[in-house]
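**Student:** Quick one: the structure is below, and I'll ask about it shortly.
The values are calculated or read from the model by the stated rules, or taken from the named source; none is laboratory data. Keep in mind the model is a prediction, meaning the values are calculated, not measured. Because the Cβ atoms are built from the backbone with ideal geometry, glycine has one as well, and the counts that use them run over all protein chains shown. The area values use the complete protein model at the heavy-atom level, side chains included, leaving out ligands, DNA and RNA. Shrake-Rupley method; radii C 1.70, N 1.55, O 1.52, S 1.80 Å.
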Amino acid sequence: MIITKNPEEIELMRESALIVSKTLGMLAPHIKPGVTTLELDKMAEEFIRDHGAEPGFLGMYDFPNSLCMSPNAQVVHGIPNDKPLEEGDIISIDCGALKNGFYGDHAYTFEVGEVKAEVKDLLKATKESLYVGIREFKIGNRVGDVGYAIQKYTEDRGYGVVRELVGHGLGAKMHEDPEMPNYGKRGRGKKFIEGMVVAIEPMINLGTRRIKQLPDGWTILTADNKPSAHFEHDVALIDGKPQLLSTFGYIYEALGIVSEEEDEFKAQVYGKEI
Ligand code: MG
Ligand code: MG
């Protein structure tokens, strides 16, 4: 059952989402060759607690850390460790925070130093597919419309769409109804309703869509060991339209990147007045 949120609850969810956004922004300048994912994890845990929140992933289903850290061929659910990141790596960081009884949960794939052009292209297309999907999260549409849009955008570019892991409703629980696959058929699945909040999160592979799991019981990686990208936003359905609760703006500010993607998204969704 989809649990909708009233406007006050959505504001609390925005607060939790923004703590995650700020955490990713805080980490961004530290993501360089030589840093370990465990060091970044500790920084994030402290930052989240300093903002009056609890790390959302720590202890959830017995996950041992605050961040899921998935470098290169790892898709999601990688466990932080003491291996330094290297020039040319990518690192997908998924972060959760719990405050006022609501979860924030989003993710960004960072470049470590200079990465190969084909990997840059994968990150760009995956992030673009996230917004393409979010634009379909509106009244009149269904779960399959978002999945179809993401699948079409990325498969048309030759990438593999992970099937086994999906986005989800978000609220007082990290994983609520409905599941939000990154593949699907137009007009299929549950209807979207006013006040629902979801985490939309394409996981897109450079090569095969097939995945495997490490013996640690957590880490998901690509079956062909080629890189995988993961971008995630928290989105509420307000006045029939998608509204971002999270932002990548803190990351761009920290890295000196000029990005108009979120403004463009708003202009597309709300028209030119914003
Ligand atoms: Mg996540
Ligand atoms: Mg999620």
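**Student:** Counting heavy atoms of the protein chains only and a 1.4 Å probe, report the per residue accessible area for segment 7-265 as a whole number of Å².
**Tutor:** On the way: 10610 Å² over 259 residues.
Result: 41 Å² per residue.
**Student:** Distance in nm between label sites at residue 11 and residue 270, each 7 Å beyond Cα in the beta-carbon direction?
**Tutor:** Going from the residue 11 label point to the residue 270 one covers 1.7 nm.
**Student:** Place a label point 7 angstrom from the Cα of residue 172 along the Cα-to-Cβ direction, then list the residues of segment 1-40 whose backbone nitrogen is under 19 Å away.
**Tutor:** Under cut-off, by backbone N: 1-17.
**Student:** Considering only protein heavy atoms and a probe of 1.4 Å, how much of the accessible area of segment 148-274 is carbon and sulfur, as a whole percent? Please report the intermediate quantities before stating the final value.
**Tutor:** Values: 2890 of 5890 Å².
Carbon and sulfur atoms account for 49 percent of the accessible area of segment 148-274.
**Student:** Quote to one decimal, in nm, the extra length available between residue 139 and residue 257 on full extension: 0.36 nm per residue of separation minus the C-alpha distance between them.
**Tutor:** Details: separation 118, 0.36 × 118 = 42.48 nm, distance 3.31 nm.
Gain on extension, residue 139 to residue 257, equals 39.2 nm.
**Student:** With a Förster radius of 35 Å, plug the Cβ-Cβ distance of residue 186 and residue 82 into 1/(1 + (r/R0)^6) and report the FRET value to the nearest 0.05.
**Tutor:** Values: r = 46 Å, r/R0 = 1.32.
Once the sixth-power term is evaluated, E becomes 0.15.
**Student:** Cα-Cα over 25 Å: which of 32/99; 152/190; 173/266; 120/173?
**Tutor:** Numbers: 32/99 30 Å; 152/190 20 Å; 173/266 27 Å; 120/173 33 Å.
Violating the 25 Å limit, Cα to Cα: 32/99; 173/266; 120/173.
**Student:** Given a Förster distance of 25 Å, report the FRET efficiency between residue 224 and residue 117 from their Cβ-Cβ distance, rounded to the nearest 0.05.
**Tutor:** Details: r = 19 Å, r/R0 = 0.76.
Efficiency, rounded to the nearest 0.05: 0.85.
**Student:** Which of the aspartates and glutamates could a cross-linker span from residue 116 if the Cα-Cα distance has to be under 16 Å and same-chain partners fewer than 8 positions apart are dropped?
**Tutor:** Of all the aspartates and glutamates, those that pass the test against residue 116 - Cα under 16 Å, at least 8 places apart if same chain - are 86, 87, 89.
**Student:** Counting C-alpha atoms alone, how compact is segment 7-265: give Rg to one decimal and Dmax as a whole number, in angstrom.
**Tutor:** That works out to 16.8, 48 Å for Rg and Dmax.
**Student:** Within segment 15-68, which trypsin sites (Lys or Arg not before Pro) sit in a loop by DSSP and count at most 11 neighbouring Cβ atoms inside 10 Å?
**Tutor:** Details: sites: 22, 42, 49; in loops: none.
Within segment 15-68, no trypsin sites (Lys or Arg not before Pro) qualify (loop, at most 11 other Cβ atoms within 10 Å).
**Student:** State, to one decimal in nm, how far the label point of residue 193 lies from the label point of residue 210, with both points 7 Å from Cα in the Cβ direction.
**Tutor:** 4.0
**Student:** Taking the Cα centre of the chain as origin, sum charge times position over the Cβ atoms of Lys and Arg (+1) and Asp and Glu (-1), and report the length of that vector in debye to the nearest 20. Let's see the in-between values first.
**Tutor:** Details: 31 positive and 44 negative charges, 217 e Å.
So the magnitude is around 1040 debye.
**Student:** Now a separate question. Under a plain spin-label model, where a point goes 7 Å from the Cα along Cα-to-Cβ, how far apart in nm are residue 4 and residue 61?
**Tutor:** 2.9
**Student:** Give, in nm to one decimal, the length gained when the segment between residue 100 and residue 156 is fully stretched (0.36 nm per residue of separation minus the Cα-Cα distance).
**Tutor:** Details: separation 56, 0.36 × 56 = 20.16 nm, distance 4.12 nm.
Extra length from residue 100 to residue 156 when fully extended: 16.0 nm.
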